[in-house]
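One structure is given below, encoded as structure tokens.
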Amino acid sequence: MLQQTDIVQGRSIYRPAKAAEYLGVSIQTVYRYAKMGLLPPPIKIGLRASGWMRSDLDSFISKKEQESRGGDAA
């Protein structure tokens, strides 16, 4: 069985519940962010398993931090 954080080629993939916890939002909000293009689509890691790269989540957090502090995120 896959764990909440699976390691693929030395990089962390966060399953939906862990990604939501990491971002401090609900699982539905993580999927909403992906649908809106704020996060990339989840990476398929199995027949019924997907998740987000931690680096993608960190980039999202950095962008939101810049925006909230008045910086230009583009």
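FYI, it's all coordinate maths here, none of it is from the lab. Model, not experiment: these values are computed from the prediction. Ideal geometry is used to build each Cβ from the backbone, glycine not excepted, and the neighbour counts take in all protein chains shown.
What base-10 log of the normalised intensity I(q)/I(0) is obtained for segment 5-68 from the Debye formula, alpha carbons as equal point scatterers, at q = 0.12, 0.16, 0.20 Å⁻¹? Values returned for q = 0.12, 0.16, 0.20 Å⁻¹ are -0.27, -0.47, -0.74.
For Ser50, the residues whose modelled amide H falls within less than 5 Å of its own, excluding neighbours fewer than 5 places apart on the same chain, are Ile45. Taking every alpha-carbon pair under 8 Å whose residues sit at least 6 apart, segment 5-68 reaches a relative contact order of 31 percent.
With both labels modelled 7 Å from their Cα along Cα-to-Cβ, the Lys63 to Arg32 distance reads 1.7 nm. The packing ranking of peptides 28-35, 12-19, highest mean first, is 12-19, 28-35, where packing means the average number of other beta carbon atoms within 10 angstrom of each residue.
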